Amino acid sequence: MTDVVALTNERNQMFRDLFSGKTPKRVPISNPATQDFAIQYAGLDLAECQWDLTKLEPVYDKFCQDFITDTYPGGSIRIPSHYQLLGSTPIIMSSSGFMQHPEVVGLLAEEYDQFIASPYDCIIETILPRLYTELNGEPGKVAMALAKAMRVHSDDMAYLGTIRAKMNAKYGFATMGAALTEAPFDFMADFLRSFKGISGDVRRYPDKVSAACEAVLPLMVKKGTLPNPSMLGYTFIPLHMAPYLRDKDFAALYWPTFKKLIETLAEMGQTVQLFVENDWMRYLDYLYELPENTIMRFEYGDPKLVKEKLGKKHIVSGFYPITLLQTGTKQQCVDKAKELLDILAPGGRYWWQADKSIINLEASGPVVENLRAVLEYVHENGTY
Amino acid sequence: MLGGEDKMDSKYYETWEEYLAQHPELEGKPTQAIAPKIERYEDLMFTFIMDLLL
């Protein structure tokens, strides 16, 4: 067995242990920096590299070599080519090359009943033509646009998959598959009713919102299901709207279908990773109810309280503030890593990830040096 | 097949059984080879469509 294969096996075992509630050999680490960061770190043009993916292999090679991580530090569903071919309005490239999500409304309030009757039909017939200009027109033109977009997306994903396989083979990362889905309420908010729209709907049409969440739940389950559900791999679910809801609206409109989604995936043997965005401290008792070993990556909140309330049942992650990498000294950054290790690592069930992803890199700033120091510290001091 | 298809209730998504019922020309053909391929591309299209809204 080669050293790199042994390293992959070791890392896979760490994650199997972590995801099954056993204490792993050491605290697993995921580099929070993204493909956007890696391109800037390589000194290349962000927009050009996302259009010409052939430039990315050396980008990833340097990125993987220079920063310690147990998982492949990359991947993106926001590749610009298919969005461009579809005339996307919800995902667009900014002048600086970052893919951005402006506030959009794909579903009008008066269309709730149509959505509830058949969510997928409504998505195809009403929502996508409203959000993607090339899907709104003569059937032949729409068919051609969809065919081109799906082909380029497939080609882009295959190319990125090849790079990932090469990096895994070279650096011995854990080999985990992932699927992406959303809580039904968040799905209704993000691209359909918008932040502003759903915020009014919970007061004006709570019954419609509830029925829409129930109607779309099977699609969210299907979207979050890996072809072969397994412990080594997870369904990633970023959580958005709950911190902006009143407690009673969360209980009535957000929680029921969200809980069903997680329970259904868990019953299929699928590990789930929640990205608990913003501050969920008032919902910790709800989170405790979710199936054992649900992974919860927190953005904000009290790590001690989370460890105390959830740490014996679930897997805790996040909390490390990436803003500190920009504003703090190297020692302050390392001290923060130590503080979180001391709180969250005892007893296992801890995965080192930051509170959010690092997208932008200021070339003259301290982030590279500070991030490297933090990753090295956790790697060297996270052994059980 | 990913699961949940029985609750899709859509004219834009067909299970293999629904597809086969619409295509009698497949009778006698090697359905053990055809079915996974038809299902795979039905699911790939579903994932692509849903990713446009995530």
Residue in the stretch A:238-245 that is facing chain B (nearest Cβ under 10 Å) and within 16 Å of B:Asp51 (Cα to Cα) present: yes
Identify the single condition in (1) part of a loop (DSSP other than H, G, I, E, B); (2) buried (at least 16 other Cβ atoms within 10 Å of the Cβ) that A:Phe115 does not satisfy, given that it satisfies every other one. (1)
Of (1) over 26 Å from A:Thr126 (Cβ atoms); (2) surrounded by 20 or more Cβ atoms within 10 Å (Cβ to Cβ); (3) over 23 Å from the mean Cα position of the chain (by Cα); (4) not polar (S, T, N, Q), A:Val209 fails just (1)
Tell me which residues, restricted to the stretch A:92-118, are more than 8 Å from chain B (Cβ to nearest Cβ) and either in contact with a strand residue (DSSP E or B) (Cβ under 9 Å, 6 or more places away or on another chain) or of a type in the set (Gly, Ala, Ser) (or both). A:Ile92, A:Met93, A:Ser94, A:Ser95, A:Ser96, A:Gly97, A:Met99, A:Gln100, A:His101, A:Pro102, A:Ala109, A:Ala117
Being surrounded by 11 or more Cβ atoms within 10 Å (Cβ to Cβ) and outside any helix (DSSP H, G or I) is the filter; apply it to the stretch B:30-53 and report the residue that is farthest from the other protein chains (Cβ to nearest Cβ). B:Leu52
Please indicate, with yes or no, whether at least one residue in the stretch A:321-334 is surrounded by 15 or more Cβ atoms within 10 Å (Cβ to Cβ) and within 20 Å of A:Glu182 (Cα to Cα). no
Kindly provide the set of residues from the stretch A:60-99 that are in contact with a Pro (Cβ under 9 Å, 6 or more places away or on another chain), surrounded by fewer than 18 Cβ atoms within 10 Å (Cβ to Cβ) and not in a loop (DSSP other than H, G, I, E, B), ordered by number. A:Ile92
So which pairs qualify, if the first residue must be in the stretch A:318-337 and closer than 18 Å to A:Arg297 by Cα and in contact (Cβ under 8 Å) with a residue 12 or more places away in the chain, the second must be of a type in the set (Ser, Thr, Tyr) and crowded, with 19+ Cβ neighbours inside 10 Å, the Cβ gap must be under 9 Å, and the two must be at least 6 apart or on different chains? A:Lys336/A:Tyr320; A:Ala337/A:Tyr320; A:Ala337/A:Tyr377
Taking the condition under 26 Å from A:Gly74 (Cβ atoms) and among the aliphatic types (A, V, I, L, M), does A:Ile315 pass? yes
Tell me, please, whether a residue that is more than 10 Å from every other protein chain (Cβ to nearest Cβ) and among the polar types (S, T, N, Q) can be found in the stretch A:258-266. no
Name the pairs whose Cβ atoms lie under 8 Å apart, with the first residue in the stretch A:264-278 and hydroxyl-bearing (Ser, Thr, Tyr), the second surrounded by 15 or more Cβ atoms within 10 Å (Cβ to Cβ) and in a strand (DSSP E or B), and 6 or more positions between them or separate chains? A:Thr271/A:Gly233; A:Thr271/A:Tyr234; A:Thr271/A:Thr235; A:Thr271/A:Ile295
The one condition in (1) out of contact with any Leu (no Cβ under 6 Å at 6 or more places or on another chain); (2) crowded, with 18+ Cβ neighbours inside 10 Å; (3) under 16 Å from A:Tyr320 (Cβ atoms) that A:Leu371 fails to fulfil: (1)
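Each reported figure results from applying straightforward, stated rules to the coordinates on display, with no laboratory input. Source: prediction; values computed, not measured. When we count neighbours, we look across all protein chains shown, and the Cβ atoms used for this are built from the backbone with ideal geometry, even at glycine.
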